[in-house]
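Visitor: Supplied in structure tokens, the structure appears directly below.
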Amino acid sequence: MAKKPSPRKSVKSGKPTARRKNVKAKTPEATNEELIEYYKTMLMMRRFEEKAGQMYGMGLIGGFCHLYIGQEAVVTGIQAALKDGDSILTSYRDHAHMLACGIDPKIILAELTGRADGISSGKGGSMHMFSVEKGFFGGHGIVGAQVPIGTGLAFAHKYRKSDNVSVTYFGDGAVNQGQVYESFNMARLWNLPVIFIIENNQYAMGTSLERASSEIELYRRGESFKIDGEMVDGMDVLAVKEAADRAVATCRQGKGPVLIEMKTYRYRGHSMSDPAKYRSKEEVSKMRSESDPIDQIKRRLLDGKLLSEDQLKKIDKEIKAVVSEAAEFAQNSPEPDPSELYTDILVAE
Amino acid sequence: MSVEILLPAMSPTMTEGTIAKWTVKEGDKLSAGDIIAEIETDKATMELETDEDGIMGKILVADGAEGIAVGTLIAIILEEGEDLGTISTINLNPREERIAENKPSEAQAVSAPINIVPLQDDLPEGTTYNNITVREALRDAMAEEMRLDDTVFVMGEEVAEYQGAYKVTQNLLAEFGSERVIDTPITEHGFTGLAVGAAMAGLKPIVEYMTFNFAMQAMDHIVNSAAKTNYMSGGQIRCPMVFRGPNGAASRVGAQHSQNYASWFAHIPGLIVIAPYSAADCKGLLKSAIKSENPVIFLENEMVYGQSFDVPAVDDYTVPIGKAAVVRTGSDVTLISYSIGVKFALEAAEKLALEGIDAEVVDLRTLRPLDMDTVIASVQKTNRAVCIEEGWISCSISSEISARLMEDAFDYLDAPVIRVTNEDVPMPYAANLEKLAVVSQERIIKAIKSVCYKGGDQ
């Protein structure tokens, strides 16, 4: 059964169990420009991932390749609440996070094809990409390992007395790693400006949340550490943005950390090699037809007469052109020079 | 009945202590649980409680007395009504006898260090030396670097308020404050990952493990996060940080607390691994490690923390990473070692000198990258090599040296390279078994004689 995202729930720490309450979400607001921007950003992610999937099928991308299709609203809404100097990091399902940070799709795709022009010079691959310039700290291949690292980025912000925040994304699989709770403890102990975002797409590879977690209300996982938690409809970019604004404000005021569970869904398999037999086709198509984040915004744009069908088509065409250009670039970039084998192991001193 | 108070062993490696101060005086009435003195051990200042009710009858060791051996009679508590005059059986000056009875096992005792004075070549003329302990040298290195660079900070369990589980971070909290000397929860996996994140963001963390045995909890972040990111990011994301703490066998702490991880870390591209012996090298290399832009594993040894060496009294004294040192010159055989093994090698060399074997000793100091040039240059001269390692033999640093000598210096060898290491067993607790397990002088000397074709099995 598809799990339709529930209404927003939140938990304040330090009160009895009955404190879990349904918060009536007020309709979040956004300007027309913002709506159009979110639409473009999410569509770019979708088209990029579709292209990556095709290129994987053609053998141009190797190894693992984890697509973000279906989850676009989460990273789009959160990124919209951030400012220069904030840092973000995530697991190996990282392509969209990079696009959201404003990283050129060409050098992301060229990394996926393992070429010299890739953002990691072809030496990282789909799961291991970084951009210090854009505040993107990976791209981490070990489930859960990014959580203490992201907490450390927040530590650095606090150490430098800046008001920047660290957004640390992880999935419903990572929530059962012990280091997540070690991080929660230190984050609260030292009041670090870290926003923990659980992207709950409901399957840790092939294992549904219920089959792996004793507490499936993941926004409550911070309770023992006095970290306030909130559940948000991660298919609705405006709800995400609204929650992100509040979380960011809390952290900038030195009142972090904050935990948000984003209820979301991935349409594709865990990775390209996952046949996804652990769920029904109906479940997936129900989510696609009823909750798709891009369709939701598209409807708003059309209903509000902000954009016409023709204008939307034009946007789609422009985005497809950018992605095609990136694909061309990624296929034509040369493989790394063999001498690169021995570079960047240590910083030369 | 009067009660004799003997100086107790208050840590696994404590062989002597200092009576920091008596908190009671003769004639005071005591109840069980009262604190009677503060004792400074090799690791900390501890409070000594009495288990008995009574009257402090006699204090036999004055405030501030240093180097009091474990087992020494330090005070006598009398029952109410008793007085010293009535007790004829107590010899008030029995220190020597007591010490003999209660002497720590031989396995526990660490013989005096053989001083290694840094070569003069790189030092200004007229350099003077301070004789300080390894513990102080490490602390000074951290303090100096923290003064030079405010992005350097220390974190770990008990590093701040407790002053370090082994007192290595003593006084850092007072000078640098709790923002830079940070007590962590017992959470190695978590705080190592956190420190990696801070390093990726450009800070320079020094992560102290109470012992490297506990770093096993953090192995993923050391190996997968710290060591790989520079490579995986095409040189974009650096991890300028130091992981440090005691490594190798301590004394009588059993299998989970007595192991040498040098070869584990030295196996990993993307890490620098340092394991020095002398205080000068500890200071100079720790400073270089902190200054480095790379993740550095810095392996200390608990057994030498309290040993003193001459350290050059120069500003910003550093020792280059990746350079071995010939710490004793000789012509007959090359002994190759690191950390506390260097001490065993030097001791063996001195013994063999009396028998006419002139051994050269190479202290590797850095294990990754290995300075094979220095090792090979020595073997070209002596044509014989023995590797000495306080650790297991399989896949050891000694194994690596042996293989590389075969590949790169085969024609210079007049005998097979021999590895002398600990026995290939988990460390036993029993004193006699522990002694059998750890690399011994007898085995080192036998190996040296065999490669020199003098006596032994040859």
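Visitor: For region B:316-329, what does the Karplus curve 6.51 cos²θ - 1.76 cosθ + 1.60, with θ = phi - 60°, yield as ³J(HN,Hα) per residue in whole Hz, taken in order and with x for Gly and Pro?
Guide: Those phi angles translate into 6, 6, 10, 10, x, 6, x, 10, 7, 10, 7, 9, 8, 8 Hz.
Visitor: Can I ask one more? Could you give the angle, 0 to 90 degrees to the nearest 10, between helix B:188-200's Cα long axis and the longest principal axis of the Cα atoms of chain B?
Guide: 50 degrees
Visitor: Any idea how far the Cα center of region B:134-157 sits from the one of region B:419-444, in Å?
Guide: That distance is 34 Å.
Visitor: Per DSSP H run of n ≥ 4, the term is -39500 (n - 2.57); total these for chain A, divide by its residue number, and report the mean residue ellipticity at 222 nm rounded to 500 deg cm²/dmol. Don't jump to the answer; show the numbers that get you there.
Guide: On the way: 11 runs with 140 residues, N = 349.
Dividing the helical sum by the residues of chain A leaves -12500 deg cm²/dmol.
Visitor: Further, regarding this structure: Given axes a ≥ b ≥ c from the Cα gyration tensor, I'd like to know whether chain B is rounded (a/c under 1.5), prolate (a/b larger than b/c) or oblate. Mind showing how you got there, number by number?
Guide: On the way: a/c = 2.12, a/b = 1.38, b/c = 1.53.
It comes out oblate by the Cα gyration axes.
Visitor: Sorted from fewest to most neighbouring beta carbons within 10 Å, what does the list A:294, B:35 look like? Let's see the in-between values first.
Guide: On the way: A:294 21, B:35 14.
Ascending Cβ contact count within 10 Å gives the list B:35, A:294.
Visitor: Can you flag which of A:255/B:283; A:83/B:204; A:106/A:277; B:58/B:167 are past 28 Å Cα-Cα?
Guide: Exceeds cut-off: A:255/B:283; A:106/A:277; B:58/B:167.
Visitor: For a test of the definition: using alpha carbon positions, the gyration tensor, and the 1.5 limit on a/c, classify region B:137-205 as rounded, prolate or oblate.
Guide: Values: a/c = 1.96, a/b = 1.14, b/c = 1.71.
Oblate is the answer for region B:137-205, as a/c is 1.5 or above yet b/c matches or exceeds a/b.
Visitor: Kindly work out what percent of the DSSP beta bridges joining two residues of the protein assembly as shown are antiparallel, to the nearest 5. Don't skip to the answer; put the middle values down first.
Guide: Values: 40 of 94 bridges.
Among the beta bridges of the protein assembly as shown, antiparallel pairing accounts for roughly 45 percent.
Visitor: Let me ask something else about it. If you average the C-alpha positions of region B:257-316 and of region A:278-349 separately, how far apart do those two centres end up, in angstrom?
Guide: Between the Cα centre of region B:257-316 and that of region A:278-349, the gap is 48 Å.
Visitor: Same structure, new question: Aspartates and glutamates within cross-link reach of residue B:291: Cα-Cα under 16 Å, excluding same-chain residues under 8 positions apart?
Guide: A:349, B:140, B:144, B:145, B:149, B:150, B:281, B:315, B:316
Visitor: Going by amide H atoms built from the backbone, whose H comes under 5 Å of the H on residue A:344, apart from near neighbours?
Guide: Amide H to amide H, under 5 Å and 5 or more residues apart or across chains, residue A:344 pairs with nothing.
Visitor: Still on this structure, please answer the following. Could you tell me how many degrees, from 0 to 90 and to the nearest 10, lie between the Cα long axis of helix B:134-148 and the main elongation axis, the longest principal axis, of the Cα atoms of chain B?
Guide: 70 degrees
Visitor: Sort A:150-163, A:207-220, B:366-379 by the packing proxy (mean of other Cβ within 10 Å over each peptide's residues), most packed first. Please report the intermediate quantities before stating the final value.
Guide: Values: A:150-163: 23.6, A:207-220: 16.0, B:366-379: 20.0.
Averaged packing, sorted descending, gives the order A:150-163, B:366-379, A:207-220.
Visitor: Let me ask something additional. Using DSSP, restrict attention to beta bridges with both residues in region B:325-451 and report what percent are antiparallel, rounded to the nearest 5. It would help to have the intermediate numbers written out before the result.
Guide: Working: 3 of 15 bridges.
Around 20 percent antiparallel, to the nearest 5.
Visitor: Report for chain A the percent antiparallel among DSSP-assigned beta bridges with both residues inside it, nearest 5.
Guide: Details: 8 of 30 bridges.
Counting only bridges with both partners in chain A, antiparallel ones make up about 25 percent.
Visitor: Under the rule a/c < 1.5 gives rounded, and otherwise a/b versus b/c splits prolate from oblate, where does region A:30-342 land using the Cα gyration tensor? Let's see the in-between values first.
Guide: Values: a/c = 1.37, a/b = 1.17, b/c = 1.17.
In terms of gyration-tensor shape, rounded.
Visitor: Quick query: amide H of residue B:245 versus all other amide H atoms, modeled in the peptide plane; which residues come in under 5 Å with a sequence gap of 5 or more or a different chain?
Guide: Excluding prolines and chain starts, which carry no amide H, the hits are B:209, B:298, B:300.
Visitor: When the Karplus curve 6.51 cos²θ - 1.76 cosθ + 1.60 is applied with θ = phi - 60°, which whole-Hz ³J(HN,Hα) does each residue of region B:356-370 get, with x for Gly and Pro?
Guide: 3J(HN,Hα) across region B:356-370, in whole Hz: x, 9, 9, 9, 9, 10, 9, 9, 5, 6, 9, 9, 8, x, 7.
Visitor: Could you work out [θ]222 nm for chain B from helices alone, using -39500 (n - 2.57) per DSSP H run of at least four and dividing by all its residues? Round to the nearest 500 deg cm²/dmol.
Guide: On the way: 12 runs with 119 residues, N = 458.
Using -39500 (n - 2.57) per qualifying helix, the result is -7500 deg cm²/dmol.
Visitor: For the ranges A:182-188, B:431-437, what's the packing order if you count other beta-carbon atoms within 10 Å of each residue, average per peptide, and put the highest first? Walk me through the numbers before you get to the answer.
Guide: Working: A:182-188: 25.9, B:431-437: 15.7.
The most tightly packed comes first, giving A:182-188, B:431-437.
Visitor: Summarise the partner chain shielding of B:292-305 as one whole number: the mean count of Cβ atoms from other chains within 10 Å of each residue's Cβ.
Guide: Values: counts 3, 4, 5, 2, 1, 0, 0, 0, 0, 0, 0, 0, 0, 0.
Mean number of neighbouring Cβ atoms from other chains: 1.
Visitor: Convert each backbone phi in region A:166-176 into a coupling constant with the Karplus relation 6.51 cos²θ - 1.76 cosθ + 1.60 (shift: θ = phi - 60°), then list the ³J(HN,Hα) values in order as whole Hz, x for Gly and Pro.
Guide: Values per residue, Gly and Pro as x: 10, 9, 10, 8, 7, x, 6, x, 5, 4, 9 Hz.
Visitor: Oh, and also: Need the C-alpha centroid separation for region B:1-42 versus region A:136-177, integer Å.
Guide: Using only Cα atoms to place each centre, the spacing works out to 48 Å.
Visitor: Provide a whole-number value for the mean count of partner chain Cβ atoms within 10 Å of the Cβ atoms in peptide A:178-188. If you can, show how the numbers build up before the last one.
Guide: Details: counts 4, 12, 1, 2, 12, 7, 1, 5, 9, 2, 0.
Average neighbour count from other chains, rounded to a whole number: 5.
Visitor: Another one. If each of residue A:302 and residue B:65 carries a label point 7 Å out from its Cα toward its Cβ, how far apart are those two points in nm?
Guide: Rounded to a tenth, the inter-label distance reads 9.4 nm.
Visitor: Would you mind checking which residues have amide H under 5 Å from residue A:138's amide H? H placed 1.01 Å from N; only 5 or more apart, or other chain.
Guide: A:90, A:131
Visitor: To the nearest whole number, what is the average tally of beta carbon atoms from other chains within 10 Å of the beta carbons of peptide B:175-187? Write out the running numbers ahead of the final one.
Guide: Values: counts 0, 0, 0, 0, 4, 1, 0, 4, 1, 5, 4, 1, 9.
Mean partner-chain Cβ count within 10 Å for B:175-187: 2.
Every number in this text was worked out from the coordinates using simple rules, so none of it is lab data. Remember, it's a predicted structure, so these values are computed and weren't measured experimentally. FYI the Cβ positions are ideal-geometry reconstructions off the backbone, even for glycines, and counts take in every protein chain you see.
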